1. Given the condition open to solvent by less than 50 Å² (accessible area, probe 1.4 Å) and closer than 17 Å to A:Tyr604 by Cβ, answer yes or no: does some residue in region A:688-695 qualify?
2. Of the conditions (1) farther than 26 Å from A:Val572 by Cβ; (2) assigned to a loop (DSSP other than H, G, I, E, B), A:Val247 satisfies every one except a single condition; which number is it?
3. List the residue pairs whose Cβ atoms are under 6 Å apart, where the first residue sits in region A:420-444 and is closer than 20 Å to A:Ala525 by Cα, the second is of a type in the set (Lys, Arg) and surrounded by 16 or more Cβ atoms within 10 Å (Cβ to Cβ), and the two are 6 or more positions apart or on different chains.
4. In region A:303-319, which residues are part of a loop (DSSP other than H, G, I, E, B) and closer than 20 Å to A:Ala235 by Cα?
5. Being within 21 Å of B:Thr79 (Cα to Cα), open to solvent by less than 20 Å² (accessible area, probe 1.4 Å), more than 14 Å from chain A (Cβ to nearest Cβ) and not acidic (Asp, Glu) narrows it down to one residue among B:Ile285, B:Ile280, B:Ile271, B:Ile289; which is it?
6. Within region B:1-36, count every residue that is away from every other protein chain (no Cβ under 14 Å), more than 27 Å from B:Ala73 (Cβ to Cβ) and among the hydrophobic types (A, V, I, L, M, F, W, C).
7. What pairs come up if the first residue lies in region B:43-56 and is within 24 Å of B:Trp77 (Cβ to Cβ), the second is of a type in the set (Asp, Glu), and their beta carbons are under 6 Å apart, counting only those six or more places apart or on different chains?
8. Please give the strands (runs of 3 or more DSSP E) falling wholly within region A:495-602 in which 1 or more residues are aromatic (Phe, Trp, Tyr) and under 14 Å from A:Gln453 (Cα atoms).
Amino acid sequence: MTPDEKSTILDVNNLWVTYATENSPLHTVRNVTMKIARGEIYGLVGESGSGKTTLARALVRYLPRNGSITKGSISLAGTDLLALPQSELRKVWGARVTMVHQDPAKAINPSIPVGEQIAEMARVHLGMSQAQAKKKSLEMLEKVQLPDPESVAGRYAHQLSGGMLQRILIATALTTNPQFLIMDEPTTALDVTTEAVILDLVRDLLREYETAVLYITHNLGVVARICDRVGVMYAGELMEEGSIQQVFKQNLHPYTLGLLGCVPRIDMNKSDIDLHTIPGHIPRPNELPQGCIFAPRCAIAEEACNAERPSLADVENNRHMTACRRWADVAKNMHIITKEKVKEEVDMEEIPLLLDARNIEKQFKVRRSGLSNLFAWKPDIVRAVDNMTVRVRKGATMGIVGESGCGKTTFARCVAGFESATSGDLFLDGESLPYSIAERSKATLRKIQLVFQNPDASLNPQHPVGQSVGRPLALLGNVLPSEIEKRVRELFEAVNLPADYVHRLPHELSGGEKQRVAIARAFAADPQLMILDEPISSLDVSVQASLMNLLAELQKSHGTSYLFISHDLAAVRHLSDWIAVVYLGRIWEIGSAEDVFSPPYHPYTEALLSAIPIPDPNIHQERIRLHGSVPSAVNIPAGCRFHTRCPRKIGAICETESPPWQNVTRFHSICCHIPLEELRAMQAPVAVENGKEPQ
Amino acid sequence: MITYILRRLGMILLTMLLASVIIFSVTQLLPGDVAQVILGQFATPEAVANLRTELGLDRPIVVQYFDWLTRFAQGDWGTSMVSRLEVRPLVMQRLNNSLMLAGVSILMYVPLGILLGVIAALKEDRAADQLISGISMAFAGLPEFVTGLILIGVLAIAFDLLPANSSIEPGTPFKEAFPFLILPAITVSLTSLGYIARMTRSSTIDVLRSDYTRAADMKGLPRWQVLTRHVLRNSLLPTVTVVALGIGWLIGGLIVTESVFGYPGIGRLLIYSIQRRDLITIQAISMLIVAIYSVSNLVADILYGILNPRIRLGG
């Protein structure tokens, strides 16, 4: 036995997973072979529908009733998992294999204290007594760096934040010191700042425990940050597998290359490059092409690619596997993905203002929940938006970023008129804008349109999508009834949807297509201002990229202004000309996108930028982490609101006095007590390539 | 918590007040004249008029209402117009009988309904589930006078296992009354059983599909432990409310069942009183039913709050 084989924990050979359906069996996972060694973190990436989760559930033999493993073998440190009877399997689960699930708020039992949920692992698998198990659970809570484990252990899931719950799941999974750990999108439901802290913790803990880990994610940046090896999955098969360096830097498969090109870069924006896109969509397992399954979407596919399906092979004899015939060409053409544009220099001051929102405030009255509080006579006041001033110039994009709960969506809803602002002034194109949508004229309504995060919730499921797009045309009366149909077709063309889609119902469209319909509908009114509230967050990277390109293109051709709300900083960087950074209902830094993304930054911006998972293993990022979660907008901290979490807090002044605005340039201001020169001296660029000096 | 309970009790008082208005109005609308009913068809108009004055029926309705309400609240529920006996001891004695029957029924159908519901959920869409769902649906659809008669026919007459007639002496102690309670209790249970089973089934299926159940499975806990500690603890929470809401059905079921078996409970007394136009008794029983329904719902809500940490501890 070679040392390499000795340390192999998970050994999967030619695995097939099949779901029985009414029509024909669906081979959802095909021919997957992988090895994961002790202490290795294996990243499994792929878009939705690629079979990642099915594979993970097959590896532990926990498939839904209609799913089964039809071919292949799984060996866990020498144990043939497929040969184990069901009763033995439960002794493997929890003891030798554990799992961390995607949404920690759902994966923790709501009616059992969290400490007990760790302790039961210790009792069942480690044979501990009640007292020993309780001690073990506190130990584990401490391991995952939760403050005050005693108190946390006694609490229930609804009393803890998402980040804390995910730590608890990690603690649970490591209680028995398992040989193999599966993490299924463990940070997807979290804010980018929390994600960064959890990823650091996971990496440190896994080094200590030497567990073999399968880390499933759709986020290439996360893979680059914490994994050792990576497998790229597509439509149920592995396309490429290798070390992080190999896959990210000496890539041998056009699909991986495409995925990498889809991710916006934090040093360029829409006027520098178009994002790479992958045309088409993942084929379902019952409609696979004859030859290479990626060929129909591949930019370099040729006749021969359609003839025979290539299998994963170690083409260079260096444990870098690819399932592409033309791997050599991919290796040569790493640069094909970026189309650089000629940048047009525009004097920003020349561009007139479209939206001028001054000192907007929005307060909500809420009653606290819980039986004991039903009689609290005085409702709490939530200051969701507290004095925000935002200006959007014509034809430009203002990006608003911040953690969830910072008030960015409430602000957008105030501008849209869905919520009536409590105070402040709104001007659109020089004219005063009433707070409520009910008081706005038809002409004004037409000028502001919205695209929401979830197109399923914003498109009527009973209406053909063409009708949804035609409605605003008829309602807002800017098009003759006889021309509506023609105009709808034009709009479909503008958003790159086939004209015959107008008759389809929303459920017949993919997520990306539905969002295109939503965009077409918003453009139907020929608006001046588009409010985009996380319009791409729930979509796959390749779809995100094509939508971002579409939005940039439409902005250019229509001269529309965008108010772009997102927690995805890379997307904001790509689409925005201007960026406002929001925390607890207030803006802390505002300026041109380029300025905001380079020092000096507000310490909060600095932390957000440092948390961005960048899909490049050779990039060095400063490790600045925010601990804890955003304080409640009911009890806003005094002085600088950020002082409770600020990594750069200078002293008492932060706790008592509101910080002043400091102008870095005419278009870039920071609200902080620390003098700009000091900020500049201590801060590094967002990302520096290893070996290069920061400029 | 205390304030919550006080507020709910206040709401119950309000409900009862409203109910009293409705009950009083409805009893006034019942056709026929009480005095006439008491004295019979051939009474002289003078005798009827005298009796009306004696009973206070010639006063304005509003005065009659407030007079009745004040006395009722003070515990003076009046004298039966028909039997000339005091209403309160009579009603309370019958209530006691009904509570015995209801208690035996609840002890039958709640645990059995939960058990069947959980089994059906675990065997979702398989034979056992379809059998349970089908049978419980059938019984829920059959009215008590049908199931009651079938049960009498089979268990009492054909196999002679249990007494067919449950018309016991009203004051019979529980021990002696028990054999007479079984058949009526089964009859009442069959209707509610399916309801509990179906509700338990659907909430259990939801919990079985939840992420935390999967997580508990993946922890390698023994299956029974996953079920008892992780699944049932959550899936049975809504059952508490379901049982309380079912009290309404239960009361309806009791009225019919008691008549079928001649059991001297409050339901049979109610029907008897309606037949005799005994307004005073009808009013007392109706108010009592409203009170029982309201209080059982309050108890369920408090219990739910105590069992559910999300409500107990607030968010």
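The values are calculated or read from the model by the stated rules, or taken from the named source; none is laboratory data. What you are looking at is a predicted structure, and each value in this text was computed from that prediction instead of being measured. Positions of Cβ are generated from backbone atoms using ideal geometry, with glycine treated the same way; all protein chains shown enter the neighbour counts. For the accessible areas, the whole protein counts, side chains as well, though only heavy atoms, and no ligand, DNA or RNA atoms are used. Shrake-Rupley method; radii C 1.70, N 1.55, O 1.52, S 1.80 Å.
1. No, there is no match, as no residue in region A:688-695 is open to solvent by less than 50 Å² (accessible area, probe 1.4 Å) and closer than 17 Å to A:Tyr604 by Cβ.
2. Answer for A:Val247: the failing condition is (2).
3. From region A:420-444, the pairs are A:Pro434/A:Arg440.
4. A:Ala307, A:Glu308, A:Arg309, A:Pro310, A:Ser311, A:Leu312
5. Details: B:Ile280 fails: open to solvent by less than 20 Å² (accessible area, probe 1.4 Å); B:Ile271 fails: open to solvent by less than 20 Å² (accessible area, probe 1.4 Å); B:Ile289 fails: open to solvent by less than 20 Å² (accessible area, probe 1.4 Å).
Exactly one residue qualifies, and that residue is B:Ile285.
6. 0
7. Note: pairs meeting the criteria are B:Arg52/B:Asp58.
8. Qualifying strands (runs of 3 or more DSSP E): A:561-565.
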